Amino acid sequence: MKPRIYSHLSEQHKDRPQAINITISILCPLYNEEEMVPVFLRRLVDLLEEIHKSFEVICINDGSTDKTLTALLVAKKEYPQLRIINLSRNFGKEAALSAGLDSSRGEVVIPIDADLQDPPELIKEMIEHWEAGYDVVLAKRVDRCTDSFLKRNTALLFYKIHNSISSTAIPENVGDYRLMSRKVVNTIKAMPENQRFMKGLFAWVGFKTAEVEYTRAARKSGKSKFNGWRLWNLALDGITSFSTLPIRIWLYLGIIISTLSLSYGFFIIFRTLILGVDVPGYASLLTSILFLGGIQLVGIGLIGEYIGRIYMESKARPLYIVEGEY
Ligand code: UDP
Ligand code: MG
């Protein structure tokens, strides 16, 4: 199959046969989840069949290096509702989700993780809320004890910082697992930005929102793809996508530090005039130089974070490349 480039700006999906009436689109990004594929699909499809609505399951293979694609192709023989989008390499979960959103056809779209940490049983409840008129139904984790102590607390800290400096608050303890109506999905698809922090975008669009609660299960097999470094970068993406406070704050910090230095300068002049010259102060001099040097580097670094993002955004490269659809 010829490689095709899809981006959220692409017009190609417009020719998709919209006539196929699909109510539920499930999006599942997979990266090295070969053992999970059969277990996950069995549980998911059994559940969807109980709901008695037409559905499609879109599995996005995010450049897995194991046999995830083979496992998906085998599963496709059993589940005709399965659609496989194979990305040309690993683009990351956010891009994989965008690929899924772009090709989804359902009246509602539900992204879900392949590791069964998001219980598919919740879908029923989500659909009920949607039928009652909600456009977004969030799945909120009331108990995260299966995540490590460090992950839980760093996540909490992230939400606190993010929500206090950004204009859009991200609901705490809510992941990508949620229901979105077609209206919401189309709004998100129309957003032209390249650096996509999905949780933030989902929250940013608003709409009438309900919540359902669940206890986060442990990963069934395999291991988490998000190590500390990746989570740190995700957090930086989140904060820089929704707030400019980190670069604006330097103006005020600069004003405060200059004012203090100026006052200190006057103080030294007067002291010298009254008490005469003496030259101690090596330690305080060195400390203040190093301190200010450090502060300046942090400031420049933060500006660099934003410039890097502007640079990436200005290239307007596609978010992901589809190797083929099966
Ligand atoms: N995932 C992906 N691309 C990546 C990393 C992860 O598609 O680069 C998928 C992964 O296969 C899983 C989901 O994203 O279905 C959530 O990943 P994981 O369970 O590792 O995250 P955690 O639950 O630890 O936050
Ligand atoms: Mg997981």
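Bear in mind these aren't lab numbers, they're just calculated from the coordinates by the rules spelled out. All figures in this text were calculated on a predicted structure; none of them were measured in a lab. Glycine also receives a Cβ, built like all others from the backbone with ideal geometry; neighbour counts cover every protein chain displayed.
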(request) Could you work out, for region 65-159, what percent of all Cα-Cα pairs fall into each 5 Å distance bin, beginning at 0 Å and stopping at the bin that holds the largest distance? (result) 2, 9, 14, 18, 21, 16, 14, 5, 1
(request) Treat each spin label as a single point 7 Å out from the Cα along the C-beta direction, and report the K67 to F226 distance in nm. (result) 2.9 nm
(request) Could you tell me what % of all Cα pairs in region 235-302 have separations over 17 Å? (result) 59 percent
(request) Taking just the C-alpha trace of region 100-213, give me its Rg and Dmax in Å. (result) 14.3, 39
(request) Mind listing the long-range amide H neighbours of I60? Cut-off is under 5 Å, sequence gap 5 or more, other chains count too, H placed in the peptide plane at 1.01 Å from N. (result) C28, L30, I85
(message) For Cα pairs less than 8 Å apart in space and 6+ apart in sequence, what is the mean separation divided by the residue count of the chain, i.e. the relative contact order in percent?
(response) 26 percent
(message) Only sites in a loop by DSSP and with at most 14 other Cβ atoms within 10 Å count here; which GluC sites (Glu not before Pro) in region 109-181 make the cut?
(response) E121, E172
(request) Please give the residues of region 282-304, grouped as numeric ranges, whose backbone N is less than 19 Å from a label point set 7 Å along the Cα-to-Cβ vector of I256. (result) 288-303
(request) Taking the Cα centre of the chain as origin, work out the dipole magnitude from +1 charges on Lys and Arg Cβ and -1 charges on Asp and Glu Cβ, in debye rounded to 20. (result) 520 debye
(request) Starting from one equal scatterer on each C-alpha and no solvent at all, send me the Debye-based log10 I(q)/I(0) for the chain at q = 0.06, 0.07 Å⁻¹, two decimals. (result) -0.29, -0.37
(message) Please arrange I307, I112 by how many other C-beta atoms lie within 10 Å of their C-beta, fewest to most.
(response) I307, I112
(request) Counting other Cβ atoms within 10 Å, keep those with at most 12, restrict to DSSP loop, and tell me which trypsin sites (Lys or Arg not before Pro) in region 209-268 are left. (result) K223
(request) Quick one: what are the phi-derived ³J(HN,Hα) couplings along region 116-133, Karplus 6.51/-1.76/1.60 with θ = phi - 60°, whole Hz, x for glycine and proline? (result) 6, 6, 9, x, x, 4, 5, 4, 4, 4, 4, 4, 4, 5, 4, 5, 7, x
(message) Need one number: % antiparallel among DSSP beta bridges in the chain, to the nearest 5.
(response) 35 percent
(request) Check region 62-167 and count each lysine pair with an alpha-carbon distance under 17 angstrom, considering only pairs eight or more places apart or from different chains. (result) 6
(request) Work the Kirkwood hydrodynamic radius out for region 20-98: mean of 1/r over every pair of different alpha-carbon atoms, inverted, in Å. (result) 12.8 Å
